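Scroll down for the structure; my scribbles are underneath it.
The values are calculated or read from the model by the stated rules, or taken from the named source; none is laboratory data. Treat the numbers as computed from the prediction; the structure is a model and nothing was measured. Note: ideal-geometry Cβ built from the backbone for every residue, glycine included; neighbour counts use all protein chains shown. Only protein heavy atoms, including side chains, enter the accessible area calculation; ligands, DNA and RNA are left aside. Shrake-Rupley method; radii C 1.70, N 1.55, O 1.52, S 1.80 Å.
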Amino acid sequence: MKKKVLKIVIPAVAVVVIGGAMVLNGAVNAGKELEEAMKVEAMTVETGDVTEIVETNGTVVSGEQKVIFSPVNANVEVADFQVGDLVKAGEQLVTFGLKDLEEQNQKAELTVRANELGYQDAVNKSNEAANRQAEARTKAASLQNQVDAKIREVEYLTNVMTGQVNAQVAASQQEAERLNGEIGELQVQLEAAQKEQETAKEAYDQALSAQQTAQVNFEAAAAAAEKDSEGLEAAKEALNKANKEAVETKAAYEKSQESVTALENQMETLNASFPRMEAEPGDSGLQQQLQTAQSELAELKANLEGQKAIAEGESGALSSAAREQMRTNNNLSELESKSLEELIEEGRKGICAEFNGVISDKQVLEGAMVTQGMQLFTLQSIDQVNVEVTLSKNVYDKVKEGQTAEITFAGQTYQGTVKRISRIASSGMSGTNQAAVSSASVMATVQINNPDENIFLGVDAKVKIFAAEAKDVLILPTEAVNIGKDGTFCWVNEDGIMKKRSITTGVTSDECAEITQGIDEGEQVIPDPGVHEEGDPITVIETQDETVIETETE
């Protein structure tokens with residue numbers, strides 16, 4: 001980077017104090033000595049540019065690195081690279097042998113099928129047990145109605161025999177009419193349900209036939225899986241679809257059966273509910289009828305208790321939790337099978353470089369067995385490259401994110417940008433071994449904007465950060481800027497009298513400083529007042545030499 005140079009031209013000015021023409025020779029000599037004592041050098045305040053540069057050292061590092069892990073359990077066939085090698089994006093680095101993994105995948109698929117069949121068998125048995133319980137509950141409900149009806153019949157016969165038959169006969173006739181009406185409605189419903197049952201039975205029979213055909217096809221495809229993996233997958237999907245259709249049609253058929261059975265039971269119950277009125281009170285036939293009814297009632301009650309025991313007992317049906325567990329296990333097996341398929345696909349791809357970079361670590365050898373998740377190597381990008389620098393406590397506050405920089409190493413110069421400044425200072429030692437002192441520093445990251453194939457990671461680099469810049473501003477050499485207990489000031493010539501002037505500085509380099517307040521362009525500033533003090537009369541001497549101010553800070 002070319003240094004910005006400030007040139008201040010000091011014109012020659014001669015100021016002469018003339019005494020009287022007629023003086024003694026000794027007085028003349030004394031006046032000359034006084035005049036010499038009053039002389040001071042001064043410079044005229046002018047405008048210029050100031051650039052503050054922070055110089056530091058750093059280490060070239062990659063802005064992106066990736067640790068590569070093995071995606072599969074397999075043998076490494078090719079891994080032809082070494083630490084420090086430069087690789088291109090997309091370059092094949094590792095290939096795998098996948099014979100063992102493919103065998104595992106075939107076994108996993110067969111395990112999935114076996115689990116599916118086991119689950120289906122358990123579900124079928126569970127459904128059968130549940131159907132038995134449901135049927136027992138239906139029969140129990142029907143028997144309960146019959147028991148209730150038989151109790152009413154016994155009560156009726158008893159009442160008849162005790163002379164209360166007339167009122168009960170009328171009630172029985174009314175009940176019979178009601179029952180006849182309900183039976184007629186149930187008959188219509190039963191005929192419709194029977195037709196629906198026949199349709200469901202045909203659908204279920206067709207689904208069973210399709211299931212058997214799909215099973216045979218799947219077993220044949222499984223035997224030929226090594227030659228036709230796509231055929232096995234298609235057969236598997238067809239079998240799953242057939243199993244699902246069989247389950248759904250069976251459920252529909254069983255539901256239609258339940259509807260028919262329920263309607264038949266209701267009609268049977270209603271038919272059994274008709275009161276018997278063949279005998280008259282005191283008739284021996286009536287007595288026999290009552291005994292028969294009582295015997296039938298006892299038998300119905302016994303049957304009712306038996307059906308209740310079945311309905312309320314352990315059915316062997318799968319609980320919802322057990323069914324969900326089996327389904328989950330099947331899903332896990334299927335996921336493991338799919339995972340193996342995905343791993344095989346990943347293994348076939350091998351490992352390629354994701355970006356241009358350098359191999360910084362290698363832990364894989366050709367012919368070695370690697371496991372999934374095992375670290376293979378590390379790739380550091382040379383497309384995104386940074387320099388990690390240390391900023392001392394004297395300059396870190398001048399550096400800001402976004403500032404430009406110049407980086408030099410290995411004979412190459414690159415442009416950069418300050419990307420990150422750490423907010424945590426680190427302690428260290430600075431100085432010579434004899435006089436080392438503790439110091440705090442801040443780490444910063446400078447991004448190289450134009451990296452190329454000449455990049456070397458880990459090498460030292462020199463960095464110039466262009467921290468601040470001020471153009472066309474009032475400037476003074478740093479030797480003319482003083483710092484006292486009351487702040488920053490400079491010495492100025494005010495009508496031949498030396499004055500102390502408070503000033504405010506802005507951008508500052510090692511050679512000059514921007515003056516934002518306190519003096520104006522064209523004023524005369526005294527860099528070195530010598531023995532003079534504020535208020536002393538002075539004679540200003542301006543030289544014609546060019547004062548050169550380089551505006552670069554180390």
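Given a 1.4 Å probe, how much area per residue of the range 377-503 is accessible, in Å²? Before the final figure, lay out the partial values.
Values: 6910 Å² over 127 residues.
Per-residue value: 54 Å².
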query = Normalised by the residues of the range 138-252, what does the relative contact order come to in percent, with Cα pairs under 8 Å and at least six apart?
reply = 21
ask   = How much accessible surface area, in Å² rounded to 10, belongs to the heavy atoms of Glu77 with a 1.4 Å probe?
value = 110
message = Given the C-alpha atoms of the range 146-250, compute the convex hull and give its volume per residue in Å³.
response = 112
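So, by mean Cβ neighbours within 10 angstrom, what's the order for 464-474, 178-188 with the highest one leading? Walk me through the numbers on the way to the answer.
Values: 464-474: 18.3, 178-188: 13.2.
Result, highest mean Cβ count within 10 Å first: 464-474, 178-188.
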request  = Provide the packing ranking of 205-216, 136-147, i.e. peptides ordered by the mean count of other C-beta atoms within 10 Å per residue, highest first.
outcome  = 136-147, 205-216
ask   = Using modelled amide H (1.01 Å from N, peptide plane; none on Pro or chain starts), what sits under 5 Å from the amide H of Gln403, excluding residues fewer than 5 places away?
value = Val418
message = Apply the Karplus curve 6.51 cos²θ - 1.76 cosθ + 1.60, θ = phi - 60°, to the phi angles in the range 67-74 and return the couplings in whole Hz, x for Gly and Pro.
response = 8, 9, 10, 6, x, 9, 8, 6
remark   = Spelling it out for Ile541: with amide H atoms placed in the peptide plane at 1.01 Å from N, the residues 5 or more places away or on another chain with amide H under 5 Å from its amide H are Val40, Glu41, Ala42
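Just need the relative contact order of the range 450-510 here, percent rounded to a whole number, with Cα pairs under 8 Å and 6+ apart. Show your work: numbers first, answer last.
Details: 37 pairs, mean separation 13.7, N = 61.
Rounded, it is 22 percent for the range 450-510.
For the range 176-294, which whole percent of the accessible surface, found with a 1.4 angstrom probe, sits on carbon and sulfur atoms? Display every interim value, and only then the final one.
Details: 3560 of 7280 Å².
Heavy-atom surface of the range 176-294 belonging to carbon and sulfur, 1.4 Å probe: 49 percent.
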ask   = Quick one: net charge of Ile351's neighbours, Cβ under 15 Å, K/R +1, D/E -1?
value = -4
inquiry  = Highest mean first, how do 296-305, 241-250 rank when packing is the count of other Cβ atoms within 10 Å averaged over residues?
reply    = 241-250, 296-305
